[in-house]
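Participant: Before anything else, here's the structure in question.
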Amino acid sequence: MTARPRSVATLLAGVAACAVLIASCAAPTEQATPPTSSSVVVSSPAVSSGPLITVPGLSSPAESTTESPTPTSESPTPSSEPEPAPAPEPEITPEPEPAPAPAPEPEPEPEPEQEPAPAPAPEPEPAPAPAPIAGGRVVVIDPGHNGANGANPDIINRQVDAGFGETKPCNTTGTSTNDGYTEASFNWKVANYLRPMLESQGITVVMTRDSNDGVGPCVNERAQIGNSSGADLVVSIHGDGDDASASGFYVMTAERDPAGAEMAARSDDLAVNVRDGLRSAGLSPSNHLGSNGLWPRSDLAGLNLSMIPTVMIEAGNMRNSGDAALMSSAGGQQQVAQGLANGVFSYLGSG
Ligand code: ZN
C-alpha cells in the first residue's frame with residue numbers, strides 16, 4: 001500500500017509507510033496455494049521463519065495455484081452461404097400457327113432472392129501478441145509483504161538497509177480491503193498467475209517468497225535476490241490502501257537512480273511497457289496518484305537497492321469498492337497478471 005499525499009507532511013508520512021511496502025503486509029488469512037513447477041526453495045538466512053527463495057531448475061515441493069489462466073483467443077470463421085444458382089430462364093415456346101397473335105412471353109420466373117451473406121462476426125479484441133522473447137531471460141517476481149508478517153512484529157520491525165545510507169523496517173503488513181482480504185494474499189495470487197504466463201514464453205522466473213504464510217523476506221533481502229539472480233528485470237507486486245474515492249493502478253520507479261542513468265532509463269522503459277500492458281488488459285491508471293499511471297519515488301527501499309531494471313506496481317486501491325472487488329476475485333487477479341505479462345513481454349521483446 002502507499003499513503004496518499006494530502007499534504008506534504010502527510011505525503012512524507014505516507015511515503016515512509018509505503019516505503020515499507022516492499023516488506024510486509026497483511027493478516028495471514030489465506031493459505032496460499034503454491035505453484036507447481038520445477039524450482040528449488042532456498043531458505044533466506046536473514047529471516048527466522050525462513051522466507052524462501054525460489055530458484056528455478058531444481059525440484060522442490062513448490063505450491064501450485066488452483067487456477068492457471070490460459071488465455072485463449074478464438075477466431076471465429078465467418079460462414080457464408082453458397083450463392084444459390086440462379087434459376088434457368090424458361091424457354092419460350094411460340095404457339096403453333098395459325099396463331100393470330102404471338103403468345104405473350106411468359107413471365108420469367110423471378111430470381112430467387114439471394115440471402116445476403118451474413119456479416120462476419122467482429123473479431124474479438126486481439127490479445128497483444130507477445131513479441132518474440134530471446135532465450136535465457138530471467139524475471140524476478142516479488143509479491144509484496146507476506147501472510148504472517150503481522151504476527152511477527154519483532155522480525156518485520158527491525159531496521160535494515162534501505163539504500164543511500166538509510167534504514168527502514170524489514171517489512172510491513174500491507175493493507176487489505178474493507179472486507180479483510182489482504183494485500184499479501186492479492187500479491188501472492190497475482191504472482192502465481194503471472195509466473196506460468198512468463199514461463200510459457202520460456203522465461204525463467206525467480207520468486208522472492210514461496211508461500212503466503214511466512215514472514216518477510218526483508219526489503220533488502222528481496223532486492224538482493226534480484227541483484228544476485230542475473231535477472232533481466234524485477235516486478236514487485238503491491239496493492240494500495242488509499243481514500244475510498246481513489247482507484248486505478250500506478251507503476252513506480254526509483255527516482256534517485258541507484259544504479260546510474262542507463263539503468264534508470266531501462267527501468268523507465270520497463271515502467272512504460274508495464275503501464276501500457278496493464279492498460280491493454282483493461283485496467284485504468286490511478287485517478288489520484290502519480291501521473292498517467294507512472295510515479296517515480298525516492299523513498300522505497302526495494303527500488304533504491306535494486307541494481308537492475310525494476311518496477312513496483314500498486315495494482316489498485318483496496319479501499320475502493322470497485323478495485324477491491326476486482327482485486328479480491330480470481331478474474332481480477334488474472335487480469336492484473338495478464339497486464340504485467342503484456343508489459344514484460346513487450347519490454348523484453350523490444351530489448
Ligand atoms: Zn504493499
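The values are calculated or read from the model by the stated rules, or taken from the named source; none is laboratory data. Bear in mind that the values here come from a model prediction, so they are computed numbers and not experimental data. Cβ coordinates were reconstructed from backbone atoms using ideal geometry, including for glycine residues, and neighbour counts include every protein chain displayed.
Participant: Condition test on Asp240, is it touching a strand residue (DSSP E or B) at 6+ places or on another chain (Cβ under 8 Å) and modelled with pLDDT of 95 or more?
Facilitator: On the way: touching a strand residue (DSSP E or B) at 6+ places or on another chain (Cβ under 8 Å): yes; modelled with pLDDT of 95 or more: yes.
Yes; evaluated as a whole, the condition is true for this residue.
Participant: Sort out which residues of region 134-169 are surrounded by fewer than 17 Cβ atoms within 10 Å (Cβ to Cβ) and either charged (D, E, K, R) or under 27 Å from the mean Cα position of the chain (by Cα) (or both), and write them in order of number.
Facilitator: Ala134, Gly135, Gly136, Asp154, Arg158, Glu166
Participant: While we're looking at this one, here's another question. Give the residue, chosen from Gly174, Gly180, Gly150, that is touching a residue at least 12 places away in the same chain (Cβ under 8 Å) and in contact with a Cys (Cβ under 6 Å, 6 or more places away or on another chain).
Facilitator: Only one candidate qualifies: Gly174.
Participant: Shifting gears a bit: Can you tell which of Thr167, Thr182, Thr177, Thr172 is modelled with pLDDT of 95 or more and in contact with a Leu (Cβ under 9 Å, 6 or more places away or on another chain)?
Facilitator: Testing whether each residue is modelled with pLDDT of 95 or more and in contact with a Leu (Cβ under 9 Å, 6 or more places away or on another chain) leaves just Thr172.
Participant: Could you please let me know if Gly277 is over 21 Å from Gly230 (Cα atoms), among the small types (Gly, Ala, Ser) and within 16 Å of the ligand (Cβ to nearest atom)? Spell out how you get there, then give the answer.
Facilitator: Values: over 21 Å from Gly230 (Cα atoms): yes; among the small types (Gly, Ala, Ser): yes; within 16 Å of the ligand (Cβ to nearest atom): no.
No: the conditions fail for Gly277.
Participant: Also: Of the residues that make up region 140-154, is at least one more than 16 Å from the ligand (Cβ to nearest atom), under 17 Å from Val235 (Cα atoms) and among the β-branched types (Val, Ile, Thr)?
Facilitator: Within region 140-154, one or more residues are more than 16 Å from the ligand (Cβ to nearest atom), under 17 Å from Val235 (Cα atoms) and among the β-branched types (Val, Ile, Thr).
Participant: Would you confirm whether any residue within region 171-182 is more than 16 Å from the ligand (Cβ to nearest atom) and of a type in the set (Phe, Trp, Tyr)?
Facilitator: No, the conditions are met nowhere in region 171-182.
Participant: OK, next. Which members of region 153-171 meet the condition of being out of contact with any strand residue (DSSP E or B) (no Cβ under 8 Å at 6 or more places or on another chain) and free of Cβ contacts under 8 Å to residues at least 60 places away in the same chain?
Facilitator: Within region 153-171, Pro153, Asp154, Gly165 qualify.
Participant: Quick check, is Ser229 within 14 Å of the ligand (Cβ to nearest atom) and of a type in the set (Ser, Thr, Tyr)?
Facilitator: Against the criterion (within 14 Å of the ligand (Cβ to nearest atom) and of a type in the set (Ser, Thr, Tyr)), Ser229 does not qualify.
Participant: OK, next. Take the residues in region 177-197 that are aliphatic (A, V, I, L, M) and surrounded by 24 or more Cβ atoms within 10 Å (Cβ to Cβ), then tell me which one is farthest from the chain's Cα centre (by Cα).
Facilitator: By that ranking, first place goes to Ala184.
Participant: Out of Gly174, Gly202, which single residue is more than 15 Å from the chain's Cα centre (by Cα), assigned to a loop (DSSP other than H, G, I, E, B) and buried (at least 24 other Cβ atoms within 10 Å of the Cβ)?
Facilitator: Matching residue, one of Gly174, Gly202: Gly174.
Participant: Condition first: of a type in the set (A, V, I, L, M, F, W, C) and more than 30 Å from Gly202 (Cβ to Cβ). Can you find one or more residues in region 238-255 that meet it? Lay out the reasoning, then the answer.
Facilitator: The first filter runs over region 238-255 and keeps only residues of a type in the set (A, V, I, L, M, F, W, C), leaving 244, 246, 249, 251-252, 254.
Still in the running and more than 30 Å from Gly202 (Cβ to Cβ): 244, 246.
Scanning region 238-255, I find at least one residue that is of a type in the set (A, V, I, L, M, F, W, C) and more than 30 Å from Gly202 (Cβ to Cβ), so the answer is yes.
Participant: So which residues in region 151-182 are under 23 Å from Met307 (Cα atoms) and not small (Gly, Ala, Ser)?
Facilitator: Within region 151-182, Gln159, Val160, Asp161, Phe164, Glu166, Thr167, Lys168, Pro169, Cys170, Asn171, Thr172 qualify.
Participant: Another one. I'd like to know if region 333-344 contains one or more residues that are in contact with a helix residue (DSSP H, G or I) (Cβ under 6 Å, 6 or more places away or on another chain), closer than 14 Å to Glu183 by Cα and either at pLDDT 95 or above or more than 16 Å from the ligand (Cβ to nearest atom) (or both).
Facilitator: Step one: filter region 333-344 for residues in contact with a helix residue (DSSP H, G or I) (Cβ under 6 Å, 6 or more places away or on another chain), giving 333-334, 336-337, 339-343.
If we keep only those that are closer than 14 Å to Glu183 by Cα too, we end up with 333, 336.
Add one more test, that the residue is either at pLDDT 95 or above or more than 16 Å from the ligand (Cβ to nearest atom) (or both), and what stays is 333, 336.
Yes, because at least one residue in region 333-344 is in contact with a helix residue (DSSP H, G or I) (Cβ under 6 Å, 6 or more places away or on another chain), closer than 14 Å to Glu183 by Cα and either at pLDDT 95 or above or more than 16 Å from the ligand (Cβ to nearest atom) (or both).
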